Amino acid sequence: MIQTDICIIGAGPVGLFAVFEAGLLKMRCHLIDALLQVGGQLSEIYPQKPIYDIPGSPGITAQDHIQQLLLQIEPFKPTYTLGERVQEVEKLSDGSFQICTNENTKVHAKVLVIAGGLGSFEPRKPVVENLEMFENGKGISYMIKDVETYRDKDIIIAGGGDSALDWTIHLKDIAKSVTLIHRSESFRGAPDSAHKI
Ligand SMILES: Cc1cc2nc3c(=O)[nH]c(=O)nc-3n(C[C@H](O)[C@H](O)[C@H](O)COP(=O)(O)OP(=O)(O)OC[C@H]3O[C@@H](n4cnc5c(N)ncnc54)[C@H](O)[C@@H]3O)c2cc1C
């Protein structure tokens, strides 16, 4: 059984920064994440995308932002269980928590922080026949890990939210051509991005 002051479910940016705030209160943290690496959506879905809306930072890639957060929390020496999903949380009679993962790792903590973001995520796929024939490097991707994969290629982006708009703007200088397909006449993403497009 792992003993800690605070157990944080989710090692995305919110979970990581919680370690810093807890550290100021002299509380030790143990983080659990279903992914094999820390960083949440930033490291898993868009590590190379630039982010422009972090206060005090005019522009930084998602992965560099996570590296900065890791540097910031290093003095507080958090511990991690990665690649395991929290399945069960039990509140004990003294008010503390026992947390159990799908691999049966058990953590006992005085405080539980849930920083699970969108949950342990999977892509929402469109209902299109034979989609799986083009997955796994054969043309269709649900996230962009390495922009170089798209250099000098003709690409089609489907969607109209922030993700689709951000990647359209970013990939226009890398790909040979970018075509954005959206089912509605207006975009759901930030108006500034829609204006740029
Ligand atoms: C393509 C894209 C571009 C974006 N660009 C920007 C941007 O430019 N600027 C901006 O401010 N925001 C942006 N966002 C949004 C931003 O990524 C999220 O707001 C941010 O990741 C939320 O952080 P979080 O720590 O709350 O959650 P997440 O990053 O979602 O992390 C939550 C973590 O919890 C883990 N988890 C959940 N449930 C469990 C469980 N039961 N057991 C174990 N682990 C669990 C997940 O595996 C995950 O790693 C973008 C999002 C996407 C998809």
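The values are calculated or read from the model by the stated rules, or taken from the named source; none is laboratory data. As the structure is a computational prediction, the values presented were derived from the model and not from experiment. Here Cβ is always computed from backbone atoms with ideal geometry, including for glycine, and neighbour counts include all displayed protein chains. The accessibility values were calculated without ligands, DNA or RNA, using every heavy atom of the protein model including side chains. Shrake-Rupley method; radii C 1.70, N 1.55, O 1.52, S 1.80 Å.
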Criterion (modelled with pLDDT under 90 and not hydrophobic (A, V, I, L, M, F, W, C)) met by exactly one of GLU185, GLU129: GLU185
Any residue in region 162-175 that is part of a loop (DSSP other than H, G, I, E, B), modelled with pLDDT under 90 and not assigned by TED's automatic domain parsing to the domain that holds ALA62? no
Of all residues in region 161-177, count the ones that are open to solvent by less than 80 Å² (accessible area, probe 1.4 Å) and without any contact (Cβ under 8 Å) to a residue 24 or more places away in the chain. 1
Looking only at region 77-87, how many residues end up being free of Cβ contacts under 8 Å to residues at least 60 places away in the same chain and open to solvent by 60 Å² or more (accessible area, probe 1.4 Å)? 3
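Of all residues in region 131-145 being hydrophobic (A, V, I, L, M, F, W, C) and within 15 Å of the ligand (Cβ to nearest atom), which is surrounded by the fewest Cβ atoms within 10 Å (Cβ to Cβ)?
From region 131-145, those hydrophobic (A, V, I, L, M, F, W, C) are 131, 133-134, 140, 143-144; that's our starting set.
Then keep just the ones that are within 15 Å of the ligand (Cβ to nearest atom); that gives 143-144.
Numbers: MET143: 13, ILE144: 20.
Once the filter is applied, the top-ranked residue is MET143.
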Restricting to region 146-160, give me the number of residues that are open to solvent by 100 Å² or more (accessible area, probe 1.4 Å) and of a type in the set (A, V, I, L, M). 1
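From the list GLY189, GLY117, which residue is closer than 22 Å to GLY12 by Cβ, in contact with a Leu (Cβ under 6 Å, 6 or more places away or on another chain) and surrounded by 13 or more Cβ atoms within 10 Å (Cβ to Cβ)? Don't jump to the end; show me each part of the working.
Values: GLY117 fails: in contact with a Leu (Cβ under 6 Å, 6 or more places away or on another chain).
The unique qualifying residue is GLY189.
Is it fair to say LYS26 is under 20 Å from the mean Cα position of the chain (by Cα) and of a type in the set (Lys, Arg)? Steps first, please.
Values: under 20 Å from the mean Cα position of the chain (by Cα): no; of a type in the set (Lys, Arg): yes.
For LYS26, the condition - under 20 Å from the mean Cα position of the chain (by Cα) and of a type in the set (Lys, Arg) - is not met.
Which members of region 23-53 meet the condition of being without any contact (Cβ under 8 Å) to a residue 12 or more places away in the chain and near the ligand (Cβ under 7 Å from one of its atoms)?
Within region 23-53, the first condition is being without any contact (Cβ under 8 Å) to a residue 12 or more places away in the chain, and the residues that meet it are 24-26, 52-53.
Selection gives TYR52, ASP53.
Go through the residues of region 116-130 one by one and say whether even a single one is touching a strand residue (DSSP E or B) at 6+ places or on another chain (Cβ under 6 Å), within 16 Å of the ligand (Cβ to nearest atom) and within 20 Å of GLY40 (Cβ to Cβ). Before the answer, list the steps.
Initial filter on region 116-130 (touching a strand residue (DSSP E or B) at 6+ places or on another chain (Cβ under 6 Å)): 116.
Cutting the leftovers down to within 16 Å of the ligand (Cβ to nearest atom) gives us 116.
Next, only the ones that are within 20 Å of GLY40 (Cβ to Cβ) stay: 116.
Yes, that holds for at least one residue.
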Being farther than 19 Å from ILE144 by Cα and assigned to a loop (DSSP other than H, G, I, E, B) is the filter; apply it to region 50-72 and report the residue that is least open to solvent (accessible area, probe 1.4 Å). GLY56
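Quick one: which residue in GLY83, GLY95, GLY40 is under 13 Å from LEU16 (Cα atoms) and not assigned by TED's automatic domain parsing to the domain that holds ALA190? Before you say what the answer is, go through the steps one by one.
Details: GLY83 fails: under 13 Å from LEU16 (Cα atoms); GLY95 fails: under 13 Å from LEU16 (Cα atoms).
Checking each option against the conditions leaves just GLY40.
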